[in-house]
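Student: Mind looking over this structure? Questions follow.
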Amino acid sequence: MSLSIKDDEIDIVIGALRPDLTSFMNEWRTIFSRFHLIIVKDPDLKEELKIPEGFNLDVYKKPDIDRVVGTSTSTIFSGYSCRYFGYLVSRKKYIISVDDDCYPAKDNKGILVDAVAQHITNLTTPATPFFFNTLYDPFTEGADFVRGYPFSLRSGVQCALSCGLWLNLADYDAPTQALKPEERNSRYVDAVLTVPARTLMPISGINIAFNREVIGPALLPSLRLGGEGKFRWETMEDIWSGMCVKVVCDHLGHGVKTGMPYVWRNDRGDAIASLRKEWEGVKLMEEVVPFFQSVRLSREAKTTEDCVAEVANVVKEQLGSKDPMFARAAKAMVDWVKLWKSVGSST
């Protein structure tokens, strides 16, 4: 991890969708015990959480969420969206977000991967979104800029978002997973890439890190499908959030990296059972992706909050009449910015 980053500048946010976190926490103990943890219990989870001792953490449950944002707003943090409440109440510069069905991975040499250290390395070294380096991340040890790379671009830009990957269960959609039920990801690729500017990607909150001070408000709960469930295949919210944050990063001149660190993700849910619920989202992407590819923000949008508000306005104008779901998403984005400002200014 970068020597310039102190442990107290980092929050690890964990959304708890299952009651017993004992094995999860113990597997991560050697890494997580150095940092402050924010555990947000899914408001719909009735059982009490089981958390082993020996960690510096704050646990937020439904009464805490109601107290901070009000009972009328707290419903947006159900299911996987509970992680966004952790982003909201954190006061640290960097946030690492890991799901409770993920465990530390091992690299090709069998060494345990310190996901926090790798995420912070990604965030504290420059990104290069404006010209692709064919030798991957030039700021990685043992790499540099390739021949022909413009020297005027070699200083790079600030990296605001680090998107990690995972072994075992890949991030397939329900149709793909249903067709390949036995397929697992066993390839550990020792590489980090900067995602080029004006290129979208589906971002998952399973294993990410970001500079909260720079792009925090752009990671937001807004688009939710009807009947969205508790399994990864049934959620579209983080994909929408990911495209929103990428548009914001492109506009403000920040970088996004993807690749290492890896985590090991356990099987969860039934792809066949989720297929009908997710099909709406699969069709939706054919409309959503061209929309985000076309979005261009104004020069007046100089902060992340400004950018989110502008994207919300364009969503309302261009998509709102096509489906009430988009109109609701646009309103949720505006409401989120207001909530971010109000909670951020409170104690």
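Student: Between E27 and F151, what is the spin-label point distance in nm, taking each point 7 Å from the Cα along the Cα→C-beta axis?
Tutor: For E27 paired with F151, the spin-label model returns 4.9 nm.
Student: What figure, in Å² to the nearest 10, do you get for the accessible area of F130 with a 1.4 Å probe and non-protein molecules left out?
Tutor: So the heavy atoms of F130 present about 110 Å² to solvent.
Student: Report, for the chain, the % of DSSP beta bridges that are antiparallel, rounded to 5.
Tutor: Bridges in the chain are about 40 percent antiparallel.
Student: Follow-up. Let me make sure I get this right: for region 68-163, a, b and c are the square roots of the gyration tensor eigenvalues over alpha carbons, sorted descending. Under 1.5 in a/c it's rounded, otherwise prolate if a/b > b/c, else oblate. Which is it?
Tutor: Cα axes put region 68-163 in the oblate bin.
Student: Within a Cβ distance under 12 Å of D137, other residues only, what is the Lys/Arg minus Asp/Glu net charge?
Tutor: Its environment carries a net charge of -2.
Student: Would you work out if the chain is rounded, prolate or oblate? Take a ≥ b ≥ c from the square roots of the eigenvalues of the alpha-carbon gyration tensor; rounded if a/c is under 1.5, else prolate when a/b is larger than b/c, oblate otherwise.
Tutor: Taking the square roots of the gyration eigenvalues as a ≥ b ≥ c, the chain is rounded.
Student: Would you look at the GNM of the chain, springs on alpha carbons closer than 10 Å, and say which of V113, V146, V289 moves the most?
Tutor: V146
Student: Same structure, new question: Tell me, which longest segment in the chain has none of the GluC sites (Glu not before Pro) that fall in DSSP loops with at most 10 further Cβ atoms within 10 Å?
Tutor: The answer is 183-299.
Student: Starting from the residue with the highest accessible area, list K246, K302, K106 in decreasing order, probe 1.4 Å.
Tutor: So, going from the largest accessible area down, we get K302, K106, K246.
Student: Moving to a separate point now. Check every DSSP H run in the chain and write down those whose alpha carbon atoms cover 18 angstrom or more along the long axis and whose mean Kyte-Doolittle hydropathy is 0.0 or greater.
Tutor: Long hydrophobic helices here: 237-252, 271-294, 324-344.
Student: Expressed in nm to one decimal, what extension gain is obtained for the pair R328 and D270 from 0.36 nm per residue of sequence separation less their Cα-Cα distance?
Tutor: 18.0 nm
Student: I've got another one for you. For a test of the definition: using alpha carbon positions, the gyration tensor, and the 1.5 limit on a/c, classify region 1-77 as rounded, prolate or oblate.
Tutor: Verdict is oblate for region 1-77.
Student: Take the alpha carbon atoms of region 50-91, find their center, do the same for region 10-30, and report the distance between the two centers in whole angstrom.
Tutor: Result: 14 Å between the Cα centres.
Student: Mind checking which aspartates and glutamates have their C-alpha under 12 Å from K50, skipping anything on the same chain fewer than 8 residues away?
Tutor: K50 reaches D20.
Student: Give the aspartates and glutamates reachable from K109 as a straight Cα distance under 20 Å; neighbours fewer than 8 places away on the same chain don't count.
Tutor: Partners within reach: E27, E141, D190.
Student: How much mean residue ellipticity at 222 nm does the chain get from its helices, if each DSSP H run of length 4 or more adds -39500 (n - 2.57) and you divide by all residues, to the nearest 500 deg cm²/dmol?
Tutor: Only helices count here, giving -10500 deg cm²/dmol.
Student: Starting from the amide H of D20, placed 1.01 Å from N in the peptide plane, find each other amide H under 5 Å away whose residue is 5 or more places distant or on another chain.
Tutor: K50
Student: Further question on the same structure: Got a sec? Which residues in region 149-163 would a label at R34 touch, if it sits 7 Å along Cα→Cβ and we count backbone N under 20 Å?
Tutor: Of the residues in region 149-163, 162-163 have backbone N under 20 Å from the label point off R34.
Student: Still on this model: Can you tell me the length gained on complete extension of the stretch D114 to F291, counting 0.36 nm per residue apart and subtracting the Cα distance?
Tutor: Separation in residues times 0.36 nm, less the Cα-Cα distance, equals 60.0 nm.
Student: Now for a separate question. Determine ³J(HN,Hα), in whole Hz, for all residues of region 101-113 in sequence, where each value follows from phi through the Karplus function 6.51 cos²θ - 1.76 cosθ + 1.60 and θ = phi - 60°; x replaces Gly and Pro.
Tutor: Those phi angles translate into 10, 10, 10, x, 9, 10, 7, 5, 9, x, 8, 4, 7 Hz.
The values are calculated or read from the model by the stated rules, or taken from the named source; none is laboratory data. Please read all numbers here as calculations on a predicted model, not as lab measurements. Because the Cβ atoms are built from the backbone with ideal geometry, glycine has one as well, and the counts that use them run over all protein chains shown. For accessibility, only protein heavy atoms count, side chains too; no ligands or nucleic acids. Shrake-Rupley method; radii C 1.70, N 1.55, O 1.52, S 1.80 Å.
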